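To start, the structure itself, in structure tokens.
The values are calculated or read from the model by the stated rules, or taken from the named source; none is laboratory data. Predicted, not measured: the structure shown is a model, and the values here were computed from it. Counting neighbours? That spans all protein chains shown, and the Cβs are built from the backbone with ideal geometry, glycine included.
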Amino acid sequence: MQLHGWEAVIFYVLAIGTLFMGVYVVTARLAVHSALCLIATLVNVALLFILLRSEFVAGVQILVYVGGVMVLFLFVIMLVQTRAEEEDKVKLYTRQMWPAVTVAFLLAISFFFAMQPAQMAYRPSQSQTEAEKKGDDPGVRSESGAGLKVSTDTESVGEALYRQAALPFEIASLLLLVAIVGAVLLARGSKQEKLYE
Amino acid sequence: MPEILALLIAPDWVRSLTGERPPNVFWAEYIVWPLIQIVIVLFVVLTVVAYLVYFERKISAFIQARLGPMRVGPWGILQPAADGLKLLLKEDIIPIKADKLVFSIAPIISVVSTLVVLAVIPWGAAWATIANVNIGLLFVLAVSSVSVLGLVLAGWSSNSKYSLLGALRSSAQMVSYEVGMGLSIIGALIFARTLSLSGIVEAQRADGLPYFLFQPLGFLIYLISALGETNRAPFDLPEAESELVAGYHTEYSGFRWALFFMAEYTAMLVTSAVAVTVFLGGWYFPGLDWIKSNWGPNIYVLLSVAAFAGKIAVLIYAYMWFRWTWPRYRYDQLMELGWKWLIPAGLANVVLTGVWYVLALPEAQGGVFGFVKQTAGRYVPTGYGKIYFILTGFIITIPLSWALLATINRRSRDFNLHDQRQLQIKLRSERIKRNEPVAE
Amino acid sequence: MQEEITKPRETLLDAEEMALNMGPQHPSTHGVLRVLLKLDGETVIDLDCDIGFLHRGVEKIAEQDTYAMITPYWDRLDYVAAVSGDLCYVEGVEKLLQVEVPRRAEYLRVILTELQRIASHLLWLGTHAIDIGAVTVLLYCFREREEILKIFEDFIGARLTAHAFRIGGLWWDVYPEFETRVRDFLKIIPDRITEYETLLNTNRIWLSRTVGIGVLPAEEAINLSLTGPVLRGSGVNYDVRKAQPYSAYADFDFEVPLGENGDTYDRYLIRMEEMRQSVRIIEQALDGLPEGPVMAKVPKVIKPPVGEIYHSIEAPKGELGVYLVSDGTGKPYRMRIRPPAYINLQSLKRMAIGHLVADVVAIIGTIDIVLGEVDR
């Protein structure tokens, strides 16, 4: 899809923000700062999802990733806290930085070349671009209800998940159940077993 | 559904301000009018939150046979202003080895994430909603879960072992009760068929009945989960004064502490608003349509806002009432309540509601009773359908869920306490009435 | 023991034990009590009490004061039920002097002491409830206690440390409206007690927090030499008012409530019932109040004969005792106080080990200590 006008501006702002926050995740000194920057990155990604008209996925990203996974990350980081003196002695940029930068650079170039065939193949037809240009113009509004576009992302995700992908969904939930039972079992010491009785 | 989207057209006078003509009304529609709405809502809500503190003090005082704030202004009405001023002027203390950046950010994250939710709540009909996103409910849940981060960061950045433990306990409690909140709402969503909060109110208006009649169990679970989510009594052990492990905001003073306080009361307001929207019919009350046609659209919107505010006030009064009446649960009892009582009950509610709904579909869609007809793109229960749903909700869902909970918890220590002790109290009072010696 | 408990650990994850200090300044320790807890996660595995912050050396001071000068110190021991302390001491001295107190004075003493029992139990209920979270009960209890304190203030002039009794009787007779005011108070208090019971007795949360918490079997209670509601909660029928009646208690008809399970809930029920029984005693005392003098013939300078006595009464907290050794002079040779709160506090370690941290607060509340008595 082609973004025009405000959407393009917002896209670039969010994309650059994501990249910056991602770099901070890796280069922050304190682990908690790293986690905070990861939270910012994830929120930016959620906003990018909204730009892609997938607001349901954006909401779920924040609910699950930021509100669940990152909270647990922070729990672990805070419970295994290191002392301040040790943190000051941590060297951020060691000699491994140069190989890392080289590999990242090579990866970026390979991404660029890998995306080329896909981008060549995607050529929107002329009428489609016209319709997009008109349809995406946020100024177009109809008051009587005819021709209003309501995003049906939630419905499409639900339909896909529970109709076409019902079996993988059940299998995934079974996996999660196994993980939960395992976690509870690992966390309960023998003392707690006695306490429960 | 189209009528919902027609709700958010900016009024004409805004368009005349920006001089734009339809159909190109970008600035009026997306910048100017929402800004005006945001300013009004923020101003009103922040004042209301400040006065919620005042009302908490007054209500607690009246419950406790005393008067509460009386000195500052008539009946103590200016007390929030005095408190706010004092907190602003206090010295800004940051603990010595605390991480300054995170220490300052934590209350901001808490407050901002709670305030952002105000944008999607339908405060009234027509133009009284800032943004009617069609994932409104998911947005509310998602952004509320971000406020947990503010808590955790506050506890950690205070550089005190006990603040950290208190914060971790608080946040574990909040996360657990969020699950219960989410599950309890799904039942009402089955009837409303949309995640948009304005849409849910419109659905209750179209169905004619608030959804707590269809979903009594869901409403109950939501209320209790909301109490646990906002760390209010009887679930306020992590921040109680008589507890040994200090709460997450022990090291905060001055305006930062006021921000946490504001976040707590705004969270109360927001969870009450969601409860009113999903279960109590939102801004709609019967007779509103007559008002719209007879007294004009402006009075219509203002009355709808007043109705919404009134319903929220009832729920918030209930919150305060609970806090000053009941003792508080111990932490492990609290977590047991959340995980072993509320979540199974929520799941049972979802399953049973789904079963009743599918049974009620028309024969063409695989149902049995045909109590739900498809009209104008929505599924609407018929008259018999409404009675059917109310009956199944009260008479079948609640006992079945209770049976499930009793089975799950039958070995729990706290399960039979009430009955055991009831017997002893009854025997004792019988003996006293008959003037028999109580001593053995 | 103390250093062992307070040694810190490395990170929080691999800490098997954590030392927690419930410091002398704490809203729930009912005074300046320091409790050192050793925790495993949230379970208490060891406990040590550090007392003495309120020690005022009363027993030593008593060796240098005359018998009459010592009496006010007893108000300040258990400052919540001041008159009980007075009663114990003056009866002890009267036993030494072999003085017979007039009947009217004895009845009035019983009335005032039982009023103080109600006041003490009301304070106990308020603080216990607020520790467990029910804040409103505290203010209701204070509202009722206020009435009692007003009655005392009009009689003696002091609300808290009411020095009502003298050796040989009362200093002056009660004022004319005393009887009406006490009767008015007795009219309202049973309904108020019912109000508290309605709020708490069958409340699910209260039950969860108090049933099965701090269980003490009867033999252990006797071995620890506990007395008062803590002992009766475990089912042992020992009340000094019935076992060795003192003052005018033998004339009155009342019951001693007993518990069955020895947990916090039973002790709560016992104290509520004791309040009702106190109401009963006061009514009987007011009905049968004899006329007559309120002060016996006691010499101006009190010099008891050489000897020693031990006298104990049933204070609201337990058995309050005084052991007096007289050497013939105007000052006692030795005065030893048997403080019920100090002895009952020993059971804290026994009761709290194995429970969670949040229960320690409930258990301290149920023992009903007053630091003035613990530290003397």
Within segment B:76-128, considering residues that are more than 22 Å from B:PHE308 (Cα to Cα) and touching a Pro at 6+ places or on another chain (Cβ under 8 Å), the one farthest from the other protein chains (Cβ to nearest Cβ): B:GLN79
Residue among C:ARG204, C:ARG241 that is touching a His at 6+ places or on another chain (Cβ under 7 Å) and closer than 24 Å to C:CYS141 by Cβ: C:ARG204
Matching residues, segment A:46-69, being more than 9 Å from the chain's Cα centre (by Cα) and hydroxyl-bearing (Ser, Thr, Tyr): A:SER54
Options B:ILE185, B:ILE190: the member that is among the β-branched types (Val, Ile, Thr), in a helix (DSSP H, G or I), within 29 Å of B:LEU151 (Cβ to Cβ) and touching a Phe, Trp or Tyr at 6+ places or on another chain (Cβ under 7 Å): B:ILE185
Filter result for B:VAL270 (closer than 18 Å to B:ALA128 by Cα and modelled with pLDDT of 90 or more): yes
Among residues of segment B:60-75, those that are within 14 Å of chain C (Cβ to nearest Cβ) and in a loop (DSSP other than H, G, I, E, B), counted: 5
Inside segment C:225-249, can you point out the residues that are in a helix (DSSP H, G or I) and under 23 Å from C:TYR107 (Cα atoms)? C:VAL240, C:ARG241, C:LYS242, C:ALA243, C:TYR249
How many of the residues in segment A:37-56 are among the β-branched types (Val, Ile, Thr) and more than 10 Å from chain B (Cβ to nearest Cβ)? 2
Yes or no: segment B:189-202 includes at least one residue that is within 14 Å of the chain's Cα centre (by Cα) and either modelled with pLDDT of 90 or more or buried (at least 22 other Cβ atoms within 10 Å of the Cβ) (or both). yes
Answer yes or no: is there a residue in segment C:208-216 that is part of a helix (DSSP H, G or I) and either in contact (Cβ under 8 Å) with a residue 12 or more places away in the chain or within 22 Å of C:ALA105 (Cβ to Cβ) (or both). yes
Which numbered condition B:GLY124 misses (of (1) in a helix (DSSP H, G or I); (2) over 30 Å from B:LYS97 (Cβ atoms)): (1)
Scan of segment B:129-169 for residues that are at the interface with chain A (Cβ under 10 Å from one of its Cβ atoms), among the polar types (S, T, N, Q) and under 19 Å from the mean Cα position of the chain (by Cα), ordered by number: B:SER144, B:SER145, B:SER147
Within the bounds of segment B:372-380, is there any residue that is outside any helix (DSSP H, G or I), modelled with pLDDT of 70 or more and within 29 Å of the chain's Cα centre (by Cα)? yes
Which of the residues that make up segment B:273-304 are in contact with a Gly (Cβ under 8 Å, 6 or more places away or on another chain), at pLDDT 90 or above and β-branched (Val, Ile, Thr)? B:VAL276
Within segment C:162-190, count every residue that is farther than 15 Å from C:ARG104 by Cα, surrounded by fewer than 16 Cβ atoms within 10 Å (Cβ to Cβ) and touching a residue at least 60 places away in the same chain (Cβ under 8 Å). 2
Determine, yes or no, whether C:LEU258 is facing another protein chain (nearest Cβ under 9 Å) and touching a helix residue (DSSP H, G or I) at 6+ places or on another chain (Cβ under 8 Å). yes
Among the residues of segment C:154-175, is there at least one that is more than 12 Å from chain B (Cβ to nearest Cβ), in contact with a Lys or Arg (Cβ under 7 Å, 6 or more places away or on another chain), under 30 Å from C:GLY321 (Cα atoms) and part of a helix (DSSP H, G or I)? no
When the residues of segment C:148-160 are filtered to those that are within 21 Å of the chain's Cα centre (by Cα) and crowded, with 19+ Cβ neighbours inside 10 Å, which remaining residue is nearest to B:PHE235 (Cα to Cα)? C:ILE148
Can you report the number of residues in segment B:78-121 which are of a type in the set (Phe, Trp, Tyr) and either touching a strand residue (DSSP E or B) at 6+ places or on another chain (Cβ under 8 Å) or outside any helix (DSSP H, G or I) (or both)? 0
Go over the candidates B:SER157, B:SER170 one by one and state the one that is of a type in the set (Ser, Thr, Tyr) and touching a residue at least 60 places away in the same chain (Cβ under 8 Å). B:SER170
Being at the interface with chain C (Cβ under 7 Å from one of its Cβ atoms) and in a helix (DSSP H, G or I) is the filter here, so list the residues in segment B:320-338 that pass it. B:TRP324, B:THR325, B:TYR331, B:ASP332, B:GLN333
Which numbered condition in (1) in contact with a strand residue (DSSP E or B) (Cβ under 9 Å, 6 or more places away or on another chain); (2) within 18 Å of C:VAL83 (Cβ to Cβ) is the only one that C:TYR175 fails? (1)
Restricting attention to segment C:93-116, does a residue exist that is of a type in the set (Val, Ile, Thr), within 15 Å of the chain's Cα centre (by Cα) and at pLDDT 90 or above? yes
Top-ranked residue in segment C:202-236 [being at pLDDT 85 or above and closer than 19 Å to C:LEU122 by Cβ; ranked as surrounded by the fewest Cβ atoms within 10 Å (Cβ to Cβ)]: C:TRP206
For segment B:216-267, name all the residues that are at pLDDT 80 or above, touching an Asp or Glu at 6+ places or on another chain (Cβ under 7 Å) and crowded, with 22+ Cβ neighbours inside 10 Å. B:GLU229, B:THR230, B:ASN231
